[in-house]
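Working notes for the structure below.
The values are calculated or read from the model by the stated rules, or taken from the named source; none is laboratory data. Computed from a predicted structure; not experimentally measured. Quick reminder, even Gly has a Cβ in these numbers, built from the backbone with ideal geometry, and neighbours come from all protein chains shown.
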Amino acid sequence: MQTLDQERTSAPPKQIEDLSLLGEVSHRTAGVSRLEMCIQCGCCGGSCPSEADMDHTPRMLFAMLRAGMRHAALMSNTPWICVSCYHCVVRCPQNVHIADVMYTLKSMAIEAKLYQDSTAPDFSQTFVDMVEEFGRSFELGLATRHYLKHFPLRLPNMAPMGIGMLSKQRMNITPTRIKGIAQLKAVLKRAKEVEAAS
Amino acid sequence: MNKYILYPGCSMESSARAYYDSLKAITDIIGLNLQEIEDWNCCGATEYLGIKLTPAYALISRNLALAAQQADGTRTVVAPCSACYLNLAKADYYMQEQPVLGQHVNEALAAGGLSYKPGSLDIRHLLDVLVYDVGLDTIKSKVVRPLTGLRVAPYLGCMVPRPDYEHRWSDYEYPVELDRLLNALGADVIEFPLKTECCGGHMTQISPDTAFELIRRLVSAADEHQADLMATLCPMCQMNLDAYQSETNKFFHTSYRMPVIFFTQLMGLAFGLEAKDLGFGLELVSARNALAKIGIEHPAEIPTGTARPKKDGSLPMPAPLPRRNMHTEKGKVVK
């Protein structure tokens with residue numbers, strides 16, 4: 001991953017399309033994102049509980065989007081570290097839908113296959129796979145599959161907690177399937193077609 | 001009797017069973033008629049939104065469509081889970097703010113013979129309905145066993161008070177609704193400065209070290225304020241603070257034992273119900289001592305699995321390695 005200093009000395013974006021990156025992100029965000037209204041005040045980064053683990057603060061990331069730094073912005077771990085606490089959203093003087101912009105950047109990074117660490121994208125994908133299959137989330141299957149793949153060495157540490165949750169029947173051993181799963185699958189299939197066409 | 005449509009969400013049937021059990025136990029007492037949406041599906045939590053936009057909103061909106069279909073004389077959907085509440089509220093709000101999103105979602109819903117007109121339902125959180133519809137006077141009048149002397153840290157987490165599209169709460173960062181409700185139960189409510197700080201959310205799965213620090217802040221703050229327990233209204237917060245507390249202790253070499261209980265369980269206690277009927281005993285950090293303080297018997301513990309006893313002839317284990325410091329590693333100041 002390039003540091004921001006290295007990026008600073010490199011040439012400005014060659015393709016003029018890159019300068020439309022900000023608009024593209026804004027357009028793909030649910031609701032009216034107001035991303036274009038960012039005044040670079042930094043309230044977002046200052047309010048963020050997980051900012052210490054981020055490559056770029058949200059403010060920096062939005063400036064990178066405006067500068068057309070597509071690769072660097074999509075490679076940033078920032079959207080993946082965002083915990084969706086909405087502190088920045090309610091404090092933003094320009095009312096930018098910051099958390100929703102982070103969701104957009106995640107989906108764009110997945111589409112472009114740009115991320116440093118696949119832990120978070122895999123977790124989201126596994127969760128979605130389970131929901132699409134059953135219509136409900138399935139914590140035991142999700143946690144086991146995820147930990148086996150990404151934190152196998154932490155599994156023994158997690159065992160007491162897992163056993164505790166199971167013995168107190170706070171985790172279902174088998175998934176629950178909704179009755180209208182065929183209906184849900186049809187809805188999601190059409191939604192994906194609509195998304196691809198728009 | 002006020003009638004509402006209930007969207008419980010997946011956690012209420014598994015990890016947050018105590019929340020659902022205690023809610024069912026108190027509804028009759030306070031005159032709340034909750035009718036569960038028939039065949040609801042998962043709201044997608046915070047995961048689906050980061051994958052694909054239209055399918056994520058279609059997934060949420062199937063629930064809205066079913067709720068509107070089954071409404072039968074009411075227009076209020078009640079969600080006790082924070083993430084569910086926010087997702088339903090968010091979908092309803094954004095489909096109004098950006099009509100093209102509503103059109104796309106409705107095209108998708110049509111494939112399943114469903115439709116939803118954005119804005120036709122009110123999405124509200126359980127606490128909002130309890131405080132503003134049922135009312136604190138009614139709740140107070142049902143208290144037969146005040147929780148006098150029980151020090152409670154009210155903890156709401158993020159997604160109920162924020163982003164608050166419909167301006168339903170007294171404040172984004174320091175709302176007082178939960179405090180007032182717990183006060184009505186007679187509890188000794190702490191001014192808890194971190195009441196809407198993040199519990200780590202899904203970070204326990206993705207980047208556990210990040211999550212452990214957020215959990216530590218909350219639990220240690222409650223401990224410093226000498227809370228007997230924390231009362232929450234979010235299944236995710238309860239799960240992170242309760243089930244990951246021992247992991248967090250191991251990580252920081254601390255020894256906190258802070259019970260994290262759903263506020264509906266405390267309501268049940270104050271209404272004179274038995275602890276065993278309110279999901280007590282399901283928490284991993286036991287609330288036994290906290291309940292004993294106000295003279296309430298905690299139900300028998302369900303024993304959790306214990307490790308195999310060590311054989312006496314086993315080899316001695318080496319001392320644990322010194323732990324790397326997560327903050328100094330990146331050249332950052334130790335907080």
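Within the stretch A:79-104, which residues are under 20 Å from B:A83 (Cβ atoms) and in contact (Cβ under 8 Å) with a residue 40 or more places away in the chain?
The answer is A:W80, A:H87, A:C88, A:H97, A:I98, A:D100, A:V101, A:M102, A:Y103, A:T104.
Which one is surrounded by the fewest Cβ atoms within 10 Å (Cβ to Cβ) among residues in the stretch B:222-256 that are small (G, A, S) and within 15 Å of the chain's Cα centre (by Cα)?
Ranking the qualifying residues of the stretch B:222-256, first place goes to B:A243.
If you check B:G112 against the conditions, is it surrounded by 15 or more Cβ atoms within 10 Å (Cβ to Cβ), within 14 Å of chain A (Cβ to nearest Cβ) and under 27 Å from B:L291 (Cα atoms)?
The answer is no for B:G112.
Which one is surrounded by the most Cβ atoms within 10 Å (Cβ to Cβ), of the residues in the stretch A:111-155 that are farther than 25 Å from B:I60 by Cα and at pLDDT 90 or above?
Within the stretch A:111-155, the match that is surrounded by the most Cβ atoms within 10 Å (Cβ to Cβ) is A:L114.
Go through the stretch B:196-212 and report how many residues are among the hydrophobic types (A, V, I, L, M, F, W, C) and buried (at least 24 other Cβ atoms within 10 Å of the Cβ).
4
Residue by residue through the stretch A:36-55, note down the ones that are away from every other protein chain (no Cβ under 14 Å) and crowded, with 20+ Cβ neighbours inside 10 Å.
Taking the stretch A:36-55 as the starting set, the residues that turn out to be away from every other protein chain (no Cβ under 14 Å) are A:36-42, A:45.
Residue satisfying the conditions is A:C38 alone.
Please go through the stretch B:172-190 and give me each residue that is more than 8 Å from chain A (Cβ to nearest Cβ) and either aromatic (F, W, Y) or within 22 Å of A:Y86 (Cα to Cα) (or both), ordered by number.
Answer for the stretch B:172-190, where residues must be more than 8 Å from chain A (Cβ to nearest Cβ) and either aromatic (F, W, Y) or within 22 Å of A:Y86 (Cα to Cα) (or both): B:Y174, B:P175, B:V176, B:E177, B:L178, B:D179.
To keep it simple, each residue is scored yes or no on (1) at pLDDT below 95; (2) touching a Pro at 6+ places or on another chain (Cβ under 7 Å).
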| residue | (1), (2) |
| --- | --- |
| B:L178 | no, yes |
| B:L182 | no, yes |
| B:D188 | no, no |
| B:T204 | yes, no |
| B:S207 | yes, no |
| B:A211 | yes, no |
| B:I215 | no, no |
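Could you tell me which residue of the stretch B:19-54 is nearest to B:L266 (Cα to Cα), considering only residues that are facing chain A (nearest Cβ under 7 Å) and among the acidic types (D, E)?
Step by step, filter the stretch B:19-54, then rank; the result is B:D39.
Cβ-Cβ below 7 Å, separation at least six or inter-chain, first residue in the stretch B:227-252 and within 15 Å of B:R217 (Cα to Cα) and away from chain A (no Cβ under 14 Å), second surrounded by fewer than 24 Cβ atoms within 10 Å (Cβ to Cβ) and β-branched (V, I, T): which pairs?
B:A227/B:I190
May I ask you to verify whether A:A159 is out of contact with any His (no Cβ under 9 Å at 6 or more places or on another chain) and aliphatic (A, V, I, L, M)? Spell out how you get there, then give the answer.
On the way: out of contact with any His (no Cβ under 9 Å at 6 or more places or on another chain): yes; aliphatic (A, V, I, L, M): yes.
Considered against the rule, which asks whether it is out of contact with any His (no Cβ under 9 Å at 6 or more places or on another chain) and aliphatic (A, V, I, L, M), A:A159 comes out as yes.
Considering only residues of the stretch A:19-35 that are among the hydroxyl-bearing types (S, T, Y) and surrounded by 15 or more Cβ atoms within 10 Å (Cβ to Cβ), which is farthest from the other protein chains (Cβ to nearest Cβ)?
Of the residues in the stretch A:19-35, the ones among the hydroxyl-bearing types (S, T, Y) are A:20, A:26, A:29, A:33.
Right, trim to surrounded by 15 or more Cβ atoms within 10 Å (Cβ to Cβ) and you get A:26, A:29, A:33.
Numbers: A:S26: 11, A:T29: 8, A:S33: 9 Å.
For the stretch A:19-35, the residue satisfying everything is A:S26.
Looking at B:D39, B:D72, which one is modelled with pLDDT under 95, part of a loop (DSSP other than H, G, I, E, B) and over 25 Å from A:T78 (Cα atoms)?
B:D72
So, B:E47, is that one charged (D, E, K, R), out of contact with any helix residue (DSSP H, G or I) (no Cβ under 9 Å at 6 or more places or on another chain) and closer than 20 Å to A:A99 by Cβ or not?
no
Considering (1) under 19 Å from the mean Cα position of the chain (by Cα); (2) part of a helix (DSSP H, G or I), say which one A:G164 fails and leave the rest.
(1) is the only condition that A:G164 fails.
Among B:Y57, B:Y93, B:Y85, which is the only one that is hydroxyl-bearing (S, T, Y), assigned to a helix (DSSP H, G or I) and under 30 Å from B:G272 (Cα atoms)?
Being hydroxyl-bearing (S, T, Y), assigned to a helix (DSSP H, G or I) and under 30 Å from B:G272 (Cα atoms) holds for just one of B:Y57, B:Y93, B:Y85, which is B:Y85.
Looking at the stretch B:213-221, can you tell me whether even one residue there is surrounded by 20 or more Cβ atoms within 10 Å (Cβ to Cβ), in a loop (DSSP other than H, G, I, E, B), within 14 Å of chain A (Cβ to nearest Cβ) and out of contact with any Lys or Arg (no Cβ under 7 Å at 6 or more places or on another chain)?
Looking for residues that are surrounded by 20 or more Cβ atoms within 10 Å (Cβ to Cβ), in a loop (DSSP other than H, G, I, E, B), within 14 Å of chain A (Cβ to nearest Cβ) and out of contact with any Lys or Arg (no Cβ under 7 Å at 6 or more places or on another chain), one finds none in the stretch B:213-221, hence no.
Quick check on the stretch B:161-207: of everything there that is in contact (Cβ under 8 Å) with a residue 40 or more places away in the chain and not in a loop (DSSP other than H, G, I, E, B), which residue is nearest to the chain's Cα centre (by Cα)?
Per the criteria, the residue is B:L178.
Here's the yes/no breakdown for (1) in contact with a Leu (Cβ under 7 Å, 6 or more places away or on another chain); (2) under 16 Å from A:C38 (Cβ atoms); (3) outside the structural domain of A:D18 (by TED's automatic domain parsing):
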position: A:C48; (1), (2), (3): no, yes, no
position: A:M54; (1), (2), (3): no, no, no
position: A:L65; (1), (2), (3): yes, yes, no
position: A:N77; (1), (2), (3): no, no, no
position: A:C88; (1), (2), (3): no, yes, no
position: A:P93; (1), (2), (3): no, yes, no
position: A:H97; (1), (2), (3): no, yes, no
position: A:V101; (1), (2), (3): yes, yes, no
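For (1) over 21 Å from the mean Cα position of the chain (by Cα); (2) of a type in the set (V, I, T); (3) at positive phi, each residue gets a yes or a no:
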residue: B:N63; (1), (2), (3): no, no, no
residue: B:A89; (1), (2), (3): no, no, no
residue: B:Q98; (1), (2), (3): yes, no, no
residue: B:G102; (1), (2), (3): yes, no, no
residue: B:S120; (1), (2), (3): yes, no, no
residue: B:L126; (1), (2), (3): no, no, no
residue: B:I139; (1), (2), (3): no, yes, no
residue: B:L150; (1), (2), (3): no, no, no
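Filter the stretch B:277-295 for residues that are touching a residue at least 24 places away in the same chain (Cβ under 8 Å) and part of a helix (DSSP H, G or I); which is surrounded by the most Cβ atoms within 10 Å (Cβ to Cβ)? Don't jump to the end; show me each part of the working.
Going through the stretch B:277-295, the residues touching a residue at least 24 places away in the same chain (Cβ under 8 Å) turn out to be B:277-280, B:282-287, B:289-290, B:293-294.
After this cut, where a residue has to be part of a helix (DSSP H, G or I) as well, the list is B:277-278, B:289-290, B:293.
Values: B:D277: 14, B:L278: 27, B:N289: 12, B:A290: 21, B:K293: 14.
Selected residue: B:L278.
Report, by residue number, each residue of the stretch A:161-198 that is in contact with a Leu (Cβ under 9 Å, 6 or more places away or on another chain) and either more than 7 Å from chain B (Cβ to nearest Cβ) or at positive phi (or both).
Across the stretch A:161-198, the qualifying residues are A:G162, A:L166, A:Q169, A:I173, A:T174, A:P175.
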